[in-house]
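Worksheet for the structure shown next.
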Amino acid sequence: MSKIKIAIQKSGRLNEDSVQILKDCGISIDNGKDQLKADTRNFPMEVMFLRNGDIPQYLRDGVVDIAIIGENVLIEKGTDLLIQERLNFSKCKVSLAVPKEFEYNSIKDLDGKRIATSYPNTVNEYLKKKGITAELHQISGSVEIAPNIGLADAICDIVSSGSTLFKNNLKEVEVMLTSEAVLAVSPKISEENKEILEKLQFRIKSVLKARASKYVLLNAPNDKIENIVKILPGMRSPTVLPLAEKGWSSIHTVVEKNKFWDILDELKEEGAEGILVCPIEKMVL
Ligand SMILES: Nc1ncnc2c1ncn2[C@@H]1O[C@H](COP(=O)(O)OP(=O)(O)OP(=O)(O)O)[C@@H](O)[C@H]1O
Ligand SMILES: O=P(O)(O)OC[C@H]1O[C@H](OP(=O)(O)OP(=O)(O)O)[C@H](O)[C@@H]1O
Ligand SMILES: [Mg+2]
């Protein structure tokens with residue numbers, strides 16, 4: 001039977017969450033320490049542990065069928081590759097930054113300047129659109145140090161919390177793109193492996209939906225049920241079950257995780273009591 005080959009990052013920012021999402025899909029990886037290729041249990045899949053930056057070429061060549069990769073890397077060197085699913089982790093920006101004392105008004109202030117980056121194609125594309133030319137210095141890491149050692153006037157790198165910029169006396173001046181981990185696909189994937197991909201994608205969607213939702217249970221007096229149901233944005237309509245105590249019911253529903261705190265006060269005002277919020281493991285709609 002055919003196996004789908006997936007590439008995930010060997011070590012770094014994406015590794016742990018990539019292994020976790022596969023695990024949440026019921027796929028556990030049989031690997032020993034430092035093993036670069038591993039089989040999986042319960043799913044026809046082989047896992048390759050690779051450098052994130054090398055993955056676009058492996059996808060293009062069909063060495064792997066699919067990969068979990070930072071969208072920013074695809075934008076830099078894999079615009080020809082297809083994104084199958086956005087995975088909602090490793091969210092970051094790719095931004096231009098300059099020293100704090102640089103009087104920055106617009107992108108024109110970077111005309112003719114030196115920019116250090118690990119993302120030359122992304123920067124060139126952006127500058128071209130803005131009609132600016134700059135001298136690029138390509139370095140593969142610790143980019144934020146470049147202005148402090150006289151290597152560049154500005155940098156382009158990944159920004160998440162902004163703390164690396166802050167610690168290196170830099171300020172973000174342009175957000176060129178936003179990124180998250182994505183599932184990308186090789187143009188050379190076989191029909192057989194496409195079917196396996198469909199099964200995997202179905203599982204991933206259920207995991208992502210569950211991660212974004214909470215199961216809410218609460219008790220309410222029967223005369224308040226109608227008002228409370230109006231507040232709850234459930235999957236279809238909430239489940240209402242009678243409690244042993246006369247005149248009271250238990251209401252169960254699924255709520256989007258980031259909406260729960262907004263409706264909590266309204267629920268309490270309507271007389272909801274004993275509110276429980278539980279995680280959901282999988283959600284199949
Ligand atoms: N601070 C951050 N916050 C959130 N996501 C990040 C952050 N830094 C990097 N990422 C995301 O994780 C990806 C991998 O980053 P990481 O620094 O681990 O590896 P890398 O050095 O870019 O790649 P390689 O695996 O080729 O060594 C990046 O391409 C980006 O999508
Ligand atoms: O805005 P922040 O939250 O500070 O995150 C941004 C930093 O994180 C990444 O570096 P990483 O720690 O992955 O080190 P690296 O340069 O070795 O890749 C990125 O290259 C930035 O330097
Ligand atoms: Mg990094």
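Please state the relative contact order of the chain as a whole percent: Cα pairs under 8 Å, 6+ residues apart?
Value for the chain: 19 percent.
For PRO99, what is the net charge nearby, where nearby means another residue's Cβ is under 15 Å from its Cβ and Lys, Arg count +1, Asp, Glu -1?
It works out to a net charge of -3.
Considering Cα pairs under 8 angstrom that are at least six residues apart, work out the relative contact order of region 92-179 and quote it in whole percent.
Reported as a whole number, the value is 50 percent.
Largest first and in whole Å, what are the equivalent-ellipsoid semi-axes of region 213-279 based on the Cα gyration tensor, each being the root of 5 times an eigenvalue?
The equivalent ellipsoid of region 213-279 has semi-axes of 18, 12, 10 Å.
Show that you can apply the helix-only estimate: for the chain, add -39,500 (n - 2.57) for every DSSP H stretch of four or more residues, divide by all residues, and state [θ] at 222 nm to the nearest 500.
Calculated at 222 nm, the ellipticity per residue is -8000 deg cm²/dmol.
Give the residue list of GluC sites (Glu not before Pro) in region 31-135 that are DSSP loop and have at most 10 other beta-carbon atoms within 10 angstrom.
Passing sites in region 31-135 are GLU101, GLU103.
Taking just the alpha carbons, could you work out the radius of gyration and Dmax for the chain, both in angstroms?
Expressed in Å, the Cα Rg and Dmax of the chain come to 24.4, 78.
So who's got an amide H within less than 5 Å of the one on ARG114, skipping anything under 5 residues away but keeping other chains? H placed 1.01 Å off N, in plane.
Placed amide hydrogens put GLU135, ASP153, ALA154 under 5 Å from ARG114.
Per 10 Å bin, what is the whole-percent P(r) computed from every C-alpha pair distance within region 1-106?
13, 43, 26, 10, 6, 2, 0
Listed here are the pairs LYS130/LYS205; LYS91/LYS268; LYS23/LYS257; which of them are more than 28 Å apart at the Cα?
Long pairs (Cα-Cα over 28 Å): LYS130/LYS205; LYS91/LYS268.
Please report how far the C-alpha centroid of region 1-60 lies from that of region 195-240, rounded to the nearest whole angstrom.
31
Tell me, what ³J(HN,Hα) does each residue in region 73-81 have, in order and in whole Hz, if you take phi through Karplus 6.51 cos²θ - 1.76 cosθ + 1.60 with θ = phi - 60° and put x for Gly and Pro?
Per residue, the Karplus-derived 3J(HN,Hα) values read 6, 5, 5, 6, 9, x, 5, 7, 8 Hz.
Using alpha-carbon pairs under 8 Å, 6+ residues apart, how would you state the relative contact order of region 222-271 in percent?
Computed over region 222-271, the figure is 39 percent.
Laboratory data are not the source of any read-out in this text; all were calculated from the coordinates shown. These numbers come from a predicted model, not from an experiment. Glycine gets a Cβ as well: all are built from the backbone with ideal geometry, and neighbour counts include every protein chain shown.
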